[in-house]
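Take a look at this one; I'll ask things after.
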Amino acid sequence: RRRQRAPLRGPQRRMSVPALVDALDRADFEAAAALIAPDAIYEKDGETITGASAIVASYRASHERATSTLDRIVYRSSCREIGAGTFRVAFEDHIELDGRAHCFRCEQDMSVGPSKLVERIVHRELDGERAALEVFLSKRL
């Protein structure tokens, strides 16, 4: 007789998203990779990135671009469950450049599947945030 897997409930399902968000805030990409399913998908800016390695590479590239361009960046993020196994993550990037400060915000919806890992990520830009960031970056001293 095959043993049926019990459906994920509450704490089991909730643990991977906060842990992933924490790992990303710390730029701990090895820890982040362990929380993303090997065949996960990441929908961002009209493209789909497939696989944990490629997804983590995208997060790492964004971090490296920021740290090579900015004087300082601090990530502060939070998440809340918006449906069964789906969480809305509010990302905040507190940045400094040439003595000026700015906070860039965006959101991602992360879904956890039976693997207890994040299986789908959908990036969502917030109105006016990208334009405000571009203006901030263009005003170099």
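The values are calculated or read from the model by the stated rules, or taken from the named source; none is laboratory data. The structure presented is a predicted model; accordingly, all values stated were derived computationally and were not measured. Glycine gets a Cβ as well: all are built from the backbone with ideal geometry, and neighbour counts include every protein chain shown. Calculation scope for accessible area: heavy atoms of the full protein, side chains included, ligands and nucleic acids excluded. Shrake-Rupley method; radii C 1.70, N 1.55, O 1.52, S 1.80 Å.
What is the antiparallel percent of DSSP beta bridges lying wholly in segment 42-141, to the nearest 5?
Numbers: 33 of 35 bridges.
If we restrict to bridges inside segment 42-141, about 95 percent are antiparallel.
Could I ask something else about it? Between helix 16-25 and the chain, what is the angle of the helix's C-alpha long axis to the longest principal axis, kept within 0 to 90° and rounded to the nearest 10?
Around 20 degrees separate the two axes.
Full-extension gain between residue 140 and residue 105, please, as 0.36 nm times their residue separation minus the C-alpha to C-alpha distance. Present the calculation step by step, with values, prior to reporting the outcome.
Values: separation 35, 0.36 × 35 = 12.60 nm, distance 2.06 nm.
Length difference between fully extended and current span is 10.5 nm.
Taking the Cα of residue 27, stepping 7 Å toward and past its beta carbon, and measuring to each backbone N in segment 76-104: which are under 15 Å?
The answer is 76, 93-97.
Take the alpha carbon gyration tensor of segment 47-113, find the square roots of its eigenvalues, order them as a ≥ b ≥ c, and report rounded if a/c is under 1.5; if not, report prolate when a/b exceeds b/c, else oblate.
oblate
Which of the three applies to segment 30-141, rounded, prolate or oblate, going by the alpha-carbon gyration tensor with a ≥ b ≥ c and a/c under 1.5 meaning rounded?
Prolate, because a/c is 1.5 or more and a/b exceeds b/c.
Ignoring everything but the protein chains, give the 1.4 Å probe accessible area of residue 82 in square angstrom, nearest 10.
Near enough 70 Å² of accessible area.
Per-residue HN-Hα couplings for segment 37-42, Karplus 6.51 cos²θ - 1.76 cosθ + 1.60 at θ = phi - 60°, whole Hz, x for Gly and Pro?
3J(HN,Hα) across segment 37-42, in whole Hz: 4, x, 10, 4, 10, 10.
Just check segment 35-83 against the gyration tensor rule for me: Cα atoms, a ≥ b ≥ c as the square roots of the eigenvalues, rounded for a/c under 1.5, and otherwise prolate or oblate depending on whether a/b exceeds b/c.
It comes out oblate by the Cα gyration axes.
Pairs of Cα atoms under 8 Å, at least six residues apart: use those to get the relative contact order of the chain, whole percent.
23 percent
Using a 10 angstrom Cβ neighbour count of at most 16 plus a DSSP loop assignment to flag exposed trypsin sites (Lys or Arg not before Pro), which longest range of the chain is free of such sites?
27-115
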